[in-house]
Amino acid sequence: MITVLVVCGSGVATSTLASEKLKSLCKDENIEIDTYQCKTSDAKARKKMIDPDIIVTTTNMNEEFDIPVINGKALISEVGIKEFKLEFFEAMVKLLGSKSSSVQNG
């Protein structure tokens, strides 16, 4: 299962809405994900705690991460939603492929 950290400015309303829309998009594709929300200033610490596979953010983030960080503003505005879905699902395919090969090699 893919774990996604959804980040917004305050860690409450926007990230919750984005998280629910993301779950709905994945459900439409028969993909199950776990999501967690936080505010931008807590993203680095939260990443260490939950070890997500992908970060989706609805705000600008200045920090660097070693996992895919995807702009999720389209989850709120619907503007650019096709591009978001393409980027998000491409990242998921890469992750699932790498998880599969690590299981086979492990």
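The values are calculated or read from the model by the stated rules, or taken from the named source; none is laboratory data. Only a predicted model underlies this, so the values are computations on that prediction, with no experimental measurement involved. Positions of Cβ are backbone-derived with ideal geometry, glycine not excepted, and every protein chain shown enters the neighbour counts.
Can you say whether Glu32 is surrounded by fewer than 18 Cβ atoms within 10 Å (Cβ to Cβ) and either over 18 Å from Ser77 (Cα atoms) or in contact (Cβ under 8 Å) with a residue 40 or more places away in the chain (or both), as far as the supplied structure shows? Yes: the conditions hold for Glu32. Are there any pairs, at least 6 apart or on different chains, whose C-beta atoms fall under 8 Å, with the first in the stretch 43-66 and without any contact (Cβ under 8 Å) to a residue 40 or more places away in the chain and the second surrounded by 15 or more Cβ atoms within 10 Å (Cβ to Cβ) and in a strand (DSSP E or B), and if so, which? Pairs found: Ala43/Leu5; Ala43/Val7; Ala43/Ile55; Ala43/Thr57; Phe65/Ile55. Could you list all residues from the stretch 32-85 that are of a type in the set (Val, Ile, Thr) and assigned to a loop (DSSP other than H, G, I, E, B)? Within the stretch 32-85, Thr58, Thr59, Ile67, Val79 meet the criteria.
For the stretch 29-38, a tally of residues being modelled with pLDDT under 95 and over 12 Å from Ile2 (Cβ atoms) returns 1. Screening the stretch 23-59 for residues that are of a type in the set (A, V, I, L, M) and in contact with a helix residue (DSSP H, G or I) (Cβ under 6 Å, 6 or more places away or on another chain) and picking the one that is farthest from Glu87 (Cα to Cα) gives Ile33. Evaluating Leu95 against the criteria (1) touching a helix residue (DSSP H, G or I) at 6+ places or on another chain (Cβ under 7 Å); (2) touching a residue at least 40 places away in the same chain (Cβ under 8 Å) leaves one unmet condition, (1).
The set of residues from the stretch 84-106 being surrounded by 10 or more Cβ atoms within 10 Å (Cβ to Cβ) and at pLDDT below 90 comprises Leu95, Leu96, Gly97, Ser98, Lys99, Ser100, Ser101. Looking only at residues that are acidic (Asp, Glu) and under 18 Å from Lys44 (Cα atoms) in the stretch 55-83, which one is modelled with the highest pLDDT? Applying the filter and picking the extreme gives Asp66.
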